[in-house]
Amino acid sequence: MPDLNEPTWRQNPWAWPLWATLALLPLGFVIERTWQSFPRAHFAELLAIAVVAGLVAILARRLARVALADGLLLAFVIGLTAFAGPLPVLAMALLAMAAAGLALMLIGPSASSADDGSTPSPHIQDTIGIAALAGIAMITGTLGWLLPFPIHFRWIHIAPLLAIVWLARVRLRDAGEGLRRSWRAAVDADPRFAAFGVMAAGLASVGCWLPTLQFDDLSYHLGLPMQLAALGYYRLDAQSQIWALAPWSGDVLQGLAQVLAGREARGAVDAFWLVALLGLTWQLAAALDLPPRARWLALAVVASQPLLASLAGGMQAELPATTAAFALAVIVARAGPAADRRLGLAFALIAGMLFGLKTGFAALVLPFALCLAWRWRRDLGARGFALGLAAFLSVCGASYAYAYALTGNPVFPILNGVFRSPLLDAANLSDPRWHAPVGWDLPWRLAFRTGEYAEGWNGAAGFSLLALAGALPAALRLPRLRWLAAAAFVALCAAIGTVHYFRYAFPALTLLGVALAAAAARVLPSRAFAASLSALVALDFAYQGAAFWTLHGNALTREVGALSVAPAFAHFAPERGLAAWVRAHDPDAHVLFCAWDRPAAAELAGRGFTISNYDPELTRGYAAAQADASGAGWRALFRRTGAAYAATHDPETSPALAAALSDASVVLEINGSRLWRLPPAIEPAPDLSAQRDAARGLWRW
């Protein structure tokens, strides 16, 4: 790569825009008073974790004579296993190995070990991260088509996964040896910054330690894993939960890991996505021809993004999407002028997984697909294109096909003003909260007025976009960086220009951050570059707690201090405790969650109902029930859902609901949330849960 550094760097015209945007950070803190949103308590938690991890690493170094980076890695693996659980970690490890083995057998090179003991091919060690993601795409894509069928039990899935690992054992052994040698070389190249990068990765992973607490997870994402674990199939119930048929690749992997582990496995699954993301960040930085120190710093910049820990603490699609987007970028970076069938097929599979995560991720796929097509413009045949398209559709098509078959809208519930499914009003969904302006000052507004674009505190978007924005001209000038900077910039503009919401733009912004960091490495002196990016990483970690309320509210302290999830559940999601009681004491009972803003029914695997806008029919009944002071409207909702229990939260209990519960009894109360046992209905209503089980309708058909 051409170097823009000059002996007289102070006169380098490419450095001054970067110095200017770096100088905007202290200016912005003063003007916007950003210190007011500094999450002091969470920062203290991170410091304590860093100190403990450092002590473990030092002890490991003295006892086992390993590098400091190795000791830090050991410390955070112990933390993950302790809090996410050994069985989920083992289940996800099996899934990752089987996925990599499947891809290496089907689209990878031949096994490279020779009888003469020659070393594995560099191609294997360089593509193991791509292979793992391509294999995950194949597994989740196949299972997506099979979700409605009652076959999702532990041994039915473990047997083929173990068989794949056995059949691919030679390739996996070579890949493991390649990874070991690559890791050793990376750490030995710059031990101090290797330790810095591993510490950054470990601090990002603390979100994986948390139990599942986030709103969207409890109301929606947890439903698919819980139904697979409890029923052995997915109900495809878009009437009780309008998002039930939305693209589901990420939830399918969560469900498969939960079935294998026999318990929730979200932390282990998120750890896989995080490790894969950071490994691909290193590969991308290497493909951009950065020296080892700059690669570790680029990895730390990605790891320090405040939202990353929040995504690692939940089931949102943006964490796997960021990982998949980095995989596409690595494929484009590795692609030569001649079309490579294996790389093209891997690109198609991973792009399909992105579409299987969220329709809006077309903004990520299309720019990189155009970059790849341009590189292969002289050698891209119709046969290869057709094969890639078939792979793409097979991976992403299940949710769209089932949504079209069951609702008439392939992207249900979005764009219903176009497709007009009878299950929902004929209008396009829109969230009026995210209409903040998007213009040339977006980097400033994201850094210092983040609350306009996310459900967090100012600083939640981090400061790297603003600080490194001045490197964009240099990135667009360098041929090795131009394609990445342009594709990521286009994807960022498309994502946040469509919906002015930061989380949706996070994958593109993170990719752009790597391109800008790579450009900064070319225009700044090495010491100034290392000092600037290290300070930026520290600043972003300081605001990690601003990204989500569980981190901001000391969820880590509550869990670690008690060595139990119960305090975190009680404080952040008391409905989880209510649902756990029902599953333990009356597993066949139906529960109606009566608080509008607490629709945490997903855990009950189809036996929980909400009056929120996720269920249009019950939402209409809720409006009528609230207007009936006698409580008869609420009692009609209880009969309609066949509810044996009602879950309430004190501030939302209206006089009408209180009247309806006058003959009910409280069986459990947790932090203001109550579980009421309802009197038996005189005339039991038809089973609404069975009526809405679309999967059973498919069986009968």
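Only the coordinates and a few stated rules stand behind these numbers; no lab work does. Note that the structure is predicted; figures quoted are calculated from it, not measured. Virtual Cβ from ideal backbone geometry, glycine too; neighbours counted across all protein chains shown.
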What value does region 219-321 have for Rg/Rh, both radii from Cα atoms and Rh as Kirkwood defines it? 1.10
Hey, got the dipole for region 573-700? About the Cα centre, +1 on K and R Cβ, -1 on D and E Cβ, debye to the nearest 20? 280
All other residues with a Cβ under 12 Å from the Cβ of G223 taken together, and with Lys, Arg as +1 and Asp, Glu as -1, what is their net charge? -3
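Please compute the length gained on full extension between W155 and V77, using 0.36 nm multiplied by the number of residues separating them and subtracting their Cα-Cα distance. Each step should come with its number before you reach the end.
Values: separation 78, 0.36 × 78 = 28.08 nm, distance 2.69 nm.
Residue separation times 0.36 nm, minus the Cα-Cα distance, leaves 25.4 nm.
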Highest average packing first - 88-96, 187-195, Cβ atoms within 10 Å: 88-96, 187-195
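Got a sec? How would R154, R635 order by Cβ neighbour count within 10 Å, fewest to most? Don't jump to the answer; show the numbers that get you there.
Numbers: R154 14, R635 19.
With the fewest neighbours first, R154, R635 line up as R154, R635.
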Amide H neighbours of H590 under 5 Å, at least 5 residues apart or on other chains, H built in the peptide plane: list them. A644, Y645
Yeah, region 438-506 with a ≥ b ≥ c from its alpha-carbon gyration tensor (a/c under 1.5 is rounded, else prolate when a/b outruns b/c, oblate otherwise) is prolate
What do you get for the angle between helix 341-357 and the principal long axis of the chain? Use alpha-carbon atoms, 0 to 90 degrees, nearest ten. 40
Taking the Cα atoms only, what angle lies between the long axis of helix 266-287 and the longest principal axis of the chain, rounded to 10 degrees? 20
Over the residues of region 468-605, compute the C-alpha Rg and express it relative to 2.2 N^0.38 Å. 1.57
Overall Cα dimensions of region 561-661 - principal axes, largest extent first, Å: 45, 28, 23
By average Cβ neighbour count within 10 Å, what is the ranking of 237-246, 598-607 from highest down? 598-607, 237-246
Local net charge near L162, Cβ-Cβ under 14 Å (Lys/Arg +1, Asp/Glu -1): +2
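Can you tell me the order of 327-339, 372-384 when each peptide is scored by its average per-residue count of other Cβ atoms within 10 angstrom, highest first? Don't skip to the answer; put the middle values down first.
Values: 327-339: 20.3, 372-384: 13.7.
The peptides rank, most packed first, as 327-339, 372-384.
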J(HN,Hα) series, region 84-91, from Karplus relation 6.51 cos²θ - 1.76 cosθ + 1.60, nearest Hz, glycine and proline x: 7, x, x, 5, x, 5, 5, 4
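Would you mind calculating the gained length between L59 and A230 on full extension (0.36 nm times residue separation, minus the Cα-Cα distance), in nm to one decimal?
Details: separation 171, 0.36 × 171 = 61.56 nm, distance 4.36 nm.
Full extension from L59 to A230 adds 57.2 nm.
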Longest principal axis of the chain (C-alpha) makes with the long axis of helix 574-585 (C-alpha) an angle, in degrees to the nearest 10, of 60
Could you give me the ³J(HN,Hα) list for region 591-600, computed from phi with Karplus coefficients 6.51, -1.76, 1.60 and θ = phi - 60°, whole Hz, x at Gly and Pro? 10, 9, 8, 9, 8, 4, 9, 9, x, 8
Determine the relative contact order of the chain: mean sequence separation of Cα pairs under 8 Å and six or more apart, normalised by residue count, in whole percent. 17
Around Y501, with a cut-off of 9 angstrom between Cβ atoms, what is the net charge of the other residues, counting Lys and Arg +1 and Asp and Glu -1? +1
